[in-house]
1. Among the small types (Gly, Ala, Ser), open to solvent by less than 30 Å² (accessible area, probe 1.4 Å) and in a helix (DSSP H, G or I), is that true of Ala123?
2. Any chance the stretch 71-79 includes a residue that's acidic (Asp, Glu), open to solvent by less than 60 Å² (accessible area, probe 1.4 Å) and in contact with a Leu (Cβ under 8 Å, 6 or more places away or on another chain)?
3. Tell me, which residue of the stretch 177-190 that is open to solvent by 10 Å² or more (accessible area, probe 1.4 Å) and either away from the ligand (no atom under 16 Å from the Cβ) or part of a helix (DSSP H, G or I) (or both) is farthest from Pro69 (Cα to Cα)?
4. So Ser279 clears everything in (1) in contact with a helix residue (DSSP H, G or I) (Cβ under 7 Å, 6 or more places away or on another chain); (2) among the polar types (S, T, N, Q); (3) exposed (fewer than 15 other Cβ atoms within 10 Å of the Cβ) except one condition, right? Which one?
5. Starting from the stretch 210-224, take each residue that is within 12 Å of Ile121 (Cα to Cα) and in contact (Cβ under 8 Å) with a residue 24 or more places away in the chain and list its partners that are within 6 Å of the ligand (Cβ to nearest atom) and part of a loop (DSSP other than H, G, I, E, B), counting only C-beta distances under 8 angstrom and pairs at least six apart or across chains.
6. Looking at the stretch 191-207 only, could you name the residues that are within 13 Å of the ligand (Cβ to nearest atom) and at positive phi?
7. Please go through the stretch 148-176 and give me each residue that is crowded, with 20+ Cβ neighbours inside 10 Å and of a type in the set (Gly, Ala, Ser), ordered by number.
8. Do we have Gly143 as surrounded by fewer than 22 Cβ atoms within 10 Å (Cβ to Cβ), within 16 Å of the ligand (Cβ to nearest atom) and modelled with pLDDT under 95 here?
Amino acid sequence: MANPLRLRSLTRIVPALLLAVLPSAQCGAQDAEDAGFQGYLQVLDAKARGAGVTEATIARMSEGLTFNPKVIALDRAQPGSGTGGGTPPPFAPYRRQHVDSSRIARGQAMAARLSGIIPRIEARYGVPAPILLAIWGHETDYGGYSGDFDLARSLATLAYEGRRRDLFAGEYVALLKMVDLGVPPSQLKGSWAGAMGNPQFLPSMYLRIAADGDGDGRRDIWNDPADTLASIANYFRDAGWRRGEPWGIAASVPQGFSWSAVRTPLAAPVCAPVHQRLSSWKTVGEWRRLGVTPLGSARDSMLTSLFQPDGPGTPAWLLTGNYRVILQYNCSNYYGLSVGLLADAIAR
Ligand SMILES: [Ca+2]
């Protein structure tokens, strides 16, 4: 089973600027690439057949499919696939960009518009609606953009290129299974890395997690807000969101606080650099004894880790296990914090 943390990190929206600076197609090389690609499509077809996909769908989806060099260029431009390392950028500008007044207001307007269905979804999955809306707001700006790459073409190209062949071959087969389940192929557009719809699910995630929020028998994560929220909620419940627990709480850290004493001794099996920036786990009561004070009410027995992304004298947070669930959706501390803060602002 592919690791969902890595899957999520592939689905970031890459600035449109990048597209503008891609080299123009090198025709000879591309012809050779296309020939190899056409051969590889037969391998994918066989995999799909082995997984029980119908012949009609296999033929329909692979017909006329071509290699997409733009997808490979975008993949190679990803953070972590070459450049990177060094000091992390500051959080404050990220926060200003993602937790802005417009995104807050539109989240609140969406909450008001969906007030008829929200209580049912919250009761069923145990995840607060502001968290679901904040994810939706981060992923696609509440459906404002969800990508227009042809997903069959993107996934087959990434599988053919081979850096993560098993992962993307599996996603290609999952995409075909969606068609067998009745999802119209015209719907299958998304990010260059294969994420689609309001919650930016990969095909395997759609098959496993997408939910029917309005009970019409379809799981429409592209157009239906109820299905969108229920699907994100189902993801969170599945990832271990604890009902009734916050994601975190702002905290004040005393001057001269000794960070070295609270450094985490654990190396996370996945996404280690992200988890490494968070302190060891302590109860709120233990943090209080170290002089770290929650800025609001917090149960003394609640287990949290401390994070002060921009260093001494800047905002800090005590983060619960639910914060780590947000990281499972997209493994980035700034994403996680920004989702939590947007959710708090929407709830206000
Ligand atoms: Ca539905």
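The values are calculated or read from the model by the stated rules, or taken from the named source; none is laboratory data. Fair warning: this is a prediction, and the values are worked out from it, not measured in the lab. Every residue, glycine as well, gets a Cβ built from its backbone with ideal geometry; the counts of neighbours run over all protein chains shown. Only protein heavy atoms, including side chains, enter the accessible area calculation; ligands, DNA and RNA are left aside. Shrake-Rupley method; radii C 1.70, N 1.55, O 1.52, S 1.80 Å.
1. Taking the combined requirement at face value, the residue does not satisfy it.
2. yes
3. Asp180
4. Failing condition for Ser279: (3).
5. Gly213/Asp224; Asp214/Asp224
6. Scanning the stretch 191-207 gives a single hit, Gly197.
7. Ala152, Ser154, Ala156, Ala159, Ala169, Gly170, Ala174
8. For Gly143, the condition - surrounded by fewer than 22 Cβ atoms within 10 Å (Cβ to Cβ), within 16 Å of the ligand (Cβ to nearest atom) and modelled with pLDDT under 95 - is met.
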